[in-house]
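Here the structure comes first, spelled out in structure tokens, and everything after it is commentary.
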Amino acid sequence: MKRVELEKKVISANEKLAQANREKYAKEGTFVINLVSSPGSGKTRLIEETAKRLKDELRILVLTGDIMTENDARRVARHGVDAVQITTGGACHLDARMVDEKLEPYKSRPFDLVIVENVGNLVCPSSYDLGEDLKVLLIAVGEGDDKPLKYPPMVTASEVLVVNKTDLKDYTDSDPDAIVENALKIKPDLTVFKVSSKTGDGIEEWIEWLKSKLTQKRQTL
Amino acid sequence: MHELGIATDIVGVVTRVAEEHEAKRVGDVVVEIGLLAAVDTGSLEFCFEVITRGTRLEGAHLKVVEIKPRARCDACGEEYEVRMDNFHCPHCESKKFELLIGSDISIKEVEVE
């Protein structure tokens, strides 16, 4: 048998599509985030709070991923931003093709901020580039302070950590600082926010950061 | 659960290689998988075998080489194998490092006949 040597990265079809989307948004100066977490960490709620505060200032498009139901897109749309549901039917993560299909009807319209809410899962979404600027990892207080150590690929794939539900701190044995400390063992240069979507605590810092990233992206135009 | 998609990608690449070399048979397909790629090797091998049945790749054998993540410390410059529960430099305990390998999935070699 003849040996053929090659150096070919897999998931190349996904990456090609993701790259095409990234280039399109780079040209338009749209900031794109891919929000990842376990189910129930509060991705949708954080998006709702973000939409409430930024909808008059920015043109926002939200894509929400789940196995079933249109619930999340409905929740987000109530706040006056464009929201589209992706139901995967069973797939445990979003891929660039699913995102691209849903974006198609919106391609002629410019947006400032696109938020993709991935399927709740701390494993598979780490491997799939959706064409985002960066992944934001959300971990809720009470979920298990060592979650970052249990799922290191997701931590290394993310640029930002948002510790959510800090209002639960006094009702659980969980410590938001321990979550942060564990995440920094895996990725020391994470940008970290501690927020409570319920009380609004810490949300302003998050909003300011989003705006500053958008400004940065605009400057590269 | 994304192993089927990865297996499909691998089969796509290997099929093109087999066509280019007008191969009648494909032997070992060597794939390197970083431990940070979150891939289950057993599931991947199973998916590969199932989707190659009845194709020109039938009988090809997926050989998975696991790649342990390695990093270089920004402070002392040492290269080291990453401990999965703490990525910091074991030599100087610095928290600044660059991951060198361990996140990718790459096809390295295909045997054709």
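Right, A:Ala18: touching a residue at least 12 places away in the same chain (Cβ under 8 Å) and away from chain B (no Cβ under 14 Å) or not?
Criteria not met by A:Ala18.
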The correct count of residues that are without any contact (Cβ under 8 Å) to a residue 40 or more places away in the chain and surrounded by 22 or more Cβ atoms within 10 Å (Cβ to Cβ) in the stretch B:1-18 is 1
**Request:** For the stretch A:158-165, state whether one or more residues are within 14 Å of chain B (Cβ to nearest Cβ), assigned to a loop (DSSP other than H, G, I, E, B), closer than 24 Å to A:Gln19 by Cα and under 19 Å from the mean Cα position of the chain (by Cα).
**Result:** yes
Check your understanding: Do we find a residue being surrounded by fewer than 17 Cβ atoms within 10 Å (Cβ to Cβ), within 25 Å of A:Lys27 (Cα to Cα), more than 14 Å from the chain's Cα centre (by Cα) and not charged (D, E, K, R) anywhere in the stretch A:56-73?
Key -> no
Given the conditions (1) more than 7 Å from chain A (Cβ to nearest Cβ); (2) within 24 Å of the chain's Cα centre (by Cα); (3) not in a strand (DSSP E or B), every one holds for B:Ser103 apart from (1)
Residues in the stretch B:70-88: is at least one of a type in the set (Asp, Glu), within 24 Å of A:Asn121 (Cα to Cα), surrounded by 15 or more Cβ atoms within 10 Å (Cβ to Cβ) and within 7 Å of chain A (Cβ to nearest Cβ)?
no
Within the stretch A:24-68, the residues that are more than 22 Å from A:Gln216 (Cα to Cα), among the hydroxyl-bearing types (Ser, Thr, Tyr) and assigned to a helix (DSSP H, G or I) are A:Thr44
Test: A:Gly40 is in contact with a Gly (Cβ under 8 Å, 6 or more places away or on another chain), in contact (Cβ under 8 Å) with a residue 24 or more places away in the chain and more than 14 Å from chain B (Cβ to nearest Cβ): yes
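For the subset of the stretch B:19-52 comprising residues that are part of a helix (DSSP H, G or I) and at the interface with another protein chain (Cβ under 9 Å from one of its Cβ atoms), which member is surrounded by the fewest Cβ atoms within 10 Å (Cβ to Cβ)?
Within the stretch B:19-52, the first condition is being part of a helix (DSSP H, G or I), and the residues that meet it are B:19-20, B:35-37, B:41-52.
Add one more test, that the residue is at the interface with another protein chain (Cβ under 9 Å from one of its Cβ atoms), and what stays is B:20, B:35-37.
Numbers: B:Glu20: 10, B:Leu35: 17, B:Leu36: 26, B:Ala37: 23.
So, considering only residues that are part of a helix (DSSP H, G or I) and at the interface with another protein chain (Cβ under 9 Å from one of its Cβ atoms), the one surrounded by the fewest Cβ atoms within 10 Å (Cβ to Cβ) is B:Glu20.
FYI, it's all coordinate maths here, none of it is from the lab. No experiment lies behind these values; they were computed from the predicted model shown. Every residue, glycine among them, receives a Cβ derived from its backbone with ideal geometry; neighbour counts consider all protein chains shown.
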